[in-house]
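Presented below is the structure to which this report refers.
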Ligand SMILES: CC(C)(COP(=O)(O)OP(=O)(O)OC[C@H]1O[C@@H](n2cnc3c(N)ncnc32)[C@H](O)[C@@H]1OP(=O)(O)O)[C@@H](O)C(=O)NCCC(=O)NCCS
């Protein structure tokens with residue numbers, strides 16, 4: 001039997017941990033290769049100070065190879081960013097990070113998770129759909145740089161009151 005598990009075994013070597021100021025050079029390098037309008041260093045610095053924010057990086061050896069950001073306010077988690085270094089894409093890391101994010105959201109008391117994504121970002125939309133996110137609305141011209149529409153996606157992760165059972 002060919003094993004998808006073997007192809008993903010490398011993920012066991014990936015360490016996911018809190019993003020710090022010293023990660024920002026590498027984060028910004030990935031950011032510029034991943035988004036038409038990259039966030040600035042000061043945007044990340046502000047996010048790292050936000051007490052409702054969770055910003056984590058994925059490291060392989062010494063290198064930052066991906067990251068995500070999320071806000072959790074009351075029972076709602078909002079994915080603010082998620083990116084994988086171009087050289088590491090299509091090897092399961094995006095899904096690995098998203099699974100980590102969802103678990104963190106659940107542990108922090110979120111019962112639903114939302115995000116906005118560019119309408120033409122088929123890779124990301126496919127990934128979110130695979131995790132059960134559903135498109136619930138369109139934001140016309142949401143992205144100021146290209147005027148591209150934003151798709152709002154949602155996923156319910158647990159009903160209210162269940163979160164206490166998750167450690
Ligand atoms: C979206 C992104 C994070 C996916 O990361 P990745 O590590 O390549 O994703 P994975 O290998 O874990 O793939 C997970 C699923 O996503 C989907 N997917 C990923 N890349 C895809 C592509 N190029 N085309 C179609 N589907 C794709 C597939 O459903 C895939 O599942 P599969 O491997 O079983 O087919 C990555 O492409 C990226 O960093 N893009 C730029 C930043 C970005 O757009 N972020 C999302 C903003 S909301």
Margin query: Taking the criterion of being more than 23 Å from residue 85 (Cβ to Cβ) and modelled with pLDDT under 95, would at least one residue in segment 149-158 satisfy it?
Written below: yes
Next item on the list: Go through (1) in contact with a helix residue (DSSP H, G or I) (Cβ under 9 Å, 6 or more places away or on another chain); (2) in a loop (DSSP other than H, G, I, E, B); (3) modelled with pLDDT of 95 or more one by one and return the number of the condition residue 167 breaks.
Entry: (3)
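Let's see how each residue does on (1) modelled with pLDDT of 95 or more; (2) within 13 Å of the ligand (Cβ to nearest atom); (3) out of contact with any strand residue (DSSP E or B) (no Cβ under 7 Å at 6 or more places or on another chain):
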site: 8; (1), (2), (3): no, yes, yes
site: 18; (1), (2), (3): yes, no, no
site: 29; (1), (2), (3): yes, yes, yes
site: 38; (1), (2), (3): yes, yes, yes
site: 41; (1), (2), (3): yes, no, yes
site: 44; (1), (2), (3): yes, no, yes
site: 49; (1), (2), (3): yes, no, yes
site: 55; (1), (2), (3): yes, no, no
Notebook entry, point to check: Looking at 156, 152, which is the one that is out of contact with any helix residue (DSSP H, G or I) (no Cβ under 8 Å at 6 or more places or on another chain) and more than 15 Å from the ligand (Cβ to nearest atom)?
Noted result: 156
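The values are calculated or read from the model by the stated rules, or taken from the named source; none is laboratory data. Nothing here was measured: the structure is a model prediction, and the numbers come from that model. Counting neighbours? That spans all protein chains shown, and the Cβs are built from the backbone with ideal geometry, glycine included.
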